[in-house]
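The values are calculated or read from the model by the stated rules, or taken from the named source; none is laboratory data. If you're wondering where the values come from, they're calculated on a predicted model, not measured in any experiment. Here the Cβ positions follow ideal geometry from the backbone for every residue, glycine too, while neighbour counts run over all protein chains shown. Note: accessible area is taken over every heavy atom of the protein model, side chains too, but ligands, DNA and RNA are not part of it. Shrake-Rupley method; radii C 1.70, N 1.55, O 1.52, S 1.80 Å.
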Amino acid sequence: MPIVSSHWSRCLVLLLTVVSAAVLPGCARKSPDQLLAEARDYADQADYRTASIQLRTLLKREPDNLEGVLMLAEVALKGNNPALAERNYRRADELGADPGRTWDGRMESLLQLGRYDDVLAQANTPSGLRTFTRPADTARQALLRGRAQIGLQKFTEAEATLRGSLRAAPSAEAHLELGRLLAATSRQAAADEQLKAA
C-alpha cells in the first residue's frame with residue numbers, strides 16, 4: 001500500500017509542476033496593457049479586489065506606470081480603501097498626472113479618512129483657491145470643501161461654501177448636503193426647501 005501511495009504522490013507533484021510551468025509563464029508574459037484592460041474589466045464588474053491584484057502586479061513590474069497608479073487609486077476608492085486611494089492619488093501627482101484627474105478622488109479619499117484640514121489644503125494653491133474652467137468642477141470642489149467644513153463643525157462657513165457650490169452649478173448632492181446642514185442647525189423649513197430642490 002505505501003508503494004501505491006508514494007507513486008500517486010509523485011504523480012501529483014509531477015502534474016502540479018507541469019501545470020505551474022504552463023500557467024505561470026502565461027501570467028508573467030501579460031503586457032501592461034493587458035493587465036490594465038483586465039483590471040478595468042474586473043472594476044466594471046465591481047470586483048475591486050481582483051482589479052487591485054492585477055494593478056499591483058503591474059506596478060511591481062512598472063512602479064511609475066501612471067495609468068496603473070491612477071486606476072489603482074480609483075479602484076481603491078470604490079472598494080472602500082481610502083488610505084490606499086489617497087497614497088496612489090498622491091503618487092500620481094508625483095508622477096506628473098494632470099491635476100484634473102486626481103484632485104476630486106484625492107479630496108474624496110481624504111474626506112473618508114476624516115482628514116478635513118487636508119481637504120481644505122488640497123483646494124488651495126499658493127495664489128488662492130484652485131480654479132477650474134468648468135462650472136461643474138468649481139461646484140464639485142465647493143461641495144467637497146463644504147463637507148470638510150461640516151466635519152470640522154464650521155457650520156457657517158460650510159453653509160456659505162455649499163451655497164457657492166449651488167450658484168456655480170446646482171446639483172442634487174449639494175442641495176441634500178445643504179438640507180442636512182440646515183436641519184442640523186434647526187432650520188427645518190429651509191432644509192425642506194433644499195430637499196425639494198434636490
Residue 77 - would you say it is closer than 25 Å to residue 160 by Cβ and either modelled with pLDDT under 95 or not charged (D, E, K, R) (or both)?
no
Could you check, for segment 68-82, whether at least one of its residues is among the polar types (S, T, N, Q) and either in contact with a Gly (Cβ under 7 Å, 6 or more places away or on another chain) or open to solvent by 30 Å² or more (accessible area, probe 1.4 Å) (or both)?
yes
Over segment 149-171, the set of residues more than 24 Å from the chain's Cα centre (by Cα), open to solvent by less than 30 Å² (accessible area, probe 1.4 Å) and within 20 Å of residue 113 (Cα to Cα) is none
Subset of segment 172-194 [open to solvent by 30 Å² or more (accessible area, probe 1.4 Å), closer than 21 Å to residue 153 by Cα and of a type in the set (D, E, K, R)]:
173, 180, 187
Would you please name the residue that is surrounded by the fewest Cβ atoms within 10 Å (Cβ to Cβ), looking only at residues in segment 121-147 that are over 22 Å from residue 175 (Cβ atoms) and touching a helix residue (DSSP H, G or I) at 6+ places or on another chain (Cβ under 7 Å)?
130
Take residue 197 and decide whether it is open to solvent by less than 50 Å² (accessible area, probe 1.4 Å), out of contact with any Asp or Glu (no Cβ under 8 Å at 6 or more places or on another chain), among the aliphatic types (A, V, I, L, M) and on the phi < 0 side of the Ramachandran plot.
no
Examine segment 90-105 for a residue that is β-branched (Val, Ile, Thr) and within 21 Å of the chain's Cα centre (by Cα), and state whether such a residue exists.
yes
Which is on the phi > 0 side of the Ramachandran plot and modelled with pLDDT of 95 or more, of 112, 153, 149?
153
